[in-house]
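To start, the structure under review is shown below, and the notes come after it.
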Amino acid sequence: MLAIEKLNQFYGESHTLWDLDLEVPAGQCTCVMGRNGVGKTTLLKAVMGEVAVKSGALRYSPVSNSKAANLDANKSSKAGEVELTKQAVEARSRLGIGYVPQGRQIFPLLTVEENLRTGLAARGDGLKKIPERVYELFPVLKEMKHRRGGDLSGGQQQQLAIGRALVIEPKLLILDEPGEGIQPNIVAQIGQVIRKLIDEDGLTVLLVEQKLPFARKYADCFVIMDRGRPVAKGDISELSNELIKQHLTV
């Protein structure tokens with residue numbers, strides 16, 4: 001789905017990502033972990049084109065999820081591999097990449113429905129209606145669709161941010177700490193939605209998450225970063241206490 005090869009990124013004179021290699025397999029949740037400041041968010045921003053990269057490749061191979069396959073079984077396979085570093089920021093969404101940044105970044109003065117509709121502009125097919133699947137996954141958004149985004153709780157705002165990303169019916173969903181600062185029951189709901197999208201819709205998820213119980217319950221595989229490089233990776237069952245102590249504890 002996504003192959004990151006020898007990626008280098010700088011903030012001024014600061015070298016943030018160092019020859020970073022990472023594979024994100026299709027139909028799974030890959031969780032990127034690490035202490036603060038090791039480059040996790042920068043990695044996601046590099047994939048989305050929000051920060052410039054100095055060198056390296058971001059090779060994205062669109063793979064149809066089940067819904068897309070019902071519409072056109074061959075179109076995605078013919079599309080082939082895309083080099084994201086050559087794509088404009090807005091083109092990446094049209095290629096089927098949904099992104100939920102840290103801090104949610106919803107529009108507080110727009111209604112829930114209006115926030116969701118902003119995601120429609122990133123679709124490549126011109127659809128003007130919010131997919132019903134979004135409301136199925138997050139019923140609270142339908143109940144509160146006429147309320148302003150800023151009036152929602154933190155957990156509801158996170159659901160709105162994820163719902164907005166799902167409006168494009170992505171093949172790859174990128175999430176930056178979706179459980180940060182919200183109540184545990186909503187965190188659990190978000191985890192369940194992620195698994196539902198993977199298991200039922202064939203979605204691929206690239207997740208940055210600090211919460212170990214969340215990662216262990218909902219991710220399929222993990223990558224630990226340190227100083228801009230992956231230092232450990234494997235199936236989530238291989239995330240040992242030794243690795244946690246060495247790379248994740250403060």
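The values are calculated or read from the model by the stated rules, or taken from the named source; none is laboratory data. Keep in mind the model is a prediction, meaning the values are calculated, not measured. Backbone-built Cβ (ideal geometry, glycine too); neighbour counts: all protein chains shown.
So the values come out like this:
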| item | result |
| --- | --- |
| Selected residue [touching a residue at least 12 places away in the same chain (Cβ under 8 Å) and loosely packed, with under 15 Cβ neighbours inside 10 Å] from 111, 118 | 118 |
| Test set (1) modelled with pLDDT of 95 or more; (2) not in a helix (DSSP H, G or I) - residue 181 fails condition number | (1) |
| Residue 182 of a type in the set (A, V, I, L, M) and in contact (Cβ under 8 Å) with a residue 40 or more places away in the chain | no |
| Index of the failed condition, residue 158 passing every other in (1) in a helix (DSSP H, G or I); (2) surrounded by fewer than 22 Cβ atoms within 10 Å (Cβ to Cβ) | (2) |
| Filter pass, residue 242 being acidic (Asp, Glu) and without any contact (Cβ under 8 Å) to a residue 12 or more places away in the chain | yes |
| Within the stretch 27-41, considering residues that are of a type outside the set (A, V, I, L, M, F, W, C) and farther than 18 Å from residue 172 by Cβ, the one surrounded by the fewest Cβ atoms within 10 Å (Cβ to Cβ) | 36 |
| Of all residues in the stretch 134-155 being in contact with a Leu (Cβ under 7 Å, 6 or more places away or on another chain) and without any contact (Cβ under 8 Å) to a residue 40 or more places away in the chain, the one that is surrounded by the fewest Cβ atoms within 10 Å (Cβ to Cβ) | 135 |
| Of all residues making up the stretch 199-214, the number that are of a type in the set (D, E, K, R), surrounded by 14 or more Cβ atoms within 10 Å (Cβ to Cβ) and touching a residue at least 40 places away in the same chain (Cβ under 8 Å) | 2 |
| Any hit, the stretch 183-194, residues being in contact with a Cys (Cβ under 9 Å, 6 or more places away or on another chain) and of a type outside the set (Phe, Trp, Tyr) | yes |
| Hits in the stretch 215-250 - residues which are of a type in the set (Val, Ile, Thr), touching a His at 6+ places or on another chain (Cβ under 8 Å) and surrounded by 16 or more Cβ atoms within 10 Å (Cβ to Cβ) | 224 |
| Residue match in the stretch 138-146 (condition: touching a Lys or Arg at 6+ places or on another chain (Cβ under 9 Å) and either of a type outside the set (Lys, Arg) or part of a loop (DSSP other than H, G, I, E, B) (or both)) | no |
| Residue pairs meeting the criteria (Cβ under 9 Å; at least 6 apart or on separate chains; first under 15 Å from residue 124 (Cβ atoms) and hydroxyl-bearing (Ser, Thr, Tyr), in the stretch 77-96; second modelled with pLDDT of 90 or more and assigned to a loop (DSSP other than H, G, I, E, B)) | 93/168; 93/170 |
| Residue 5, sole failed condition from (1) surrounded by 15 or more Cβ atoms within 10 Å (Cβ to Cβ); (2) modelled with pLDDT of 95 or more | (1) |
| Helices (runs of 4 or more DSSP H) wholly inside the stretch 26-129 containing at least 1 residues that are at pLDDT 95 or above | 40-48, 112-118 |
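The rows are residues; the columns are (1) under 25 Å from residue 37 (Cβ atoms); (2) aromatic (Phe, Trp, Tyr); (3) within 18 Å of the chain's Cα centre (by Cα).
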site	(1), (2), (3)
145	no, no, no
174	yes, no, yes
185	no, no, no
198	no, no, yes
206	yes, no, yes
226	yes, no, no
232	yes, no, no
235	no, no, no
245	yes, no, no
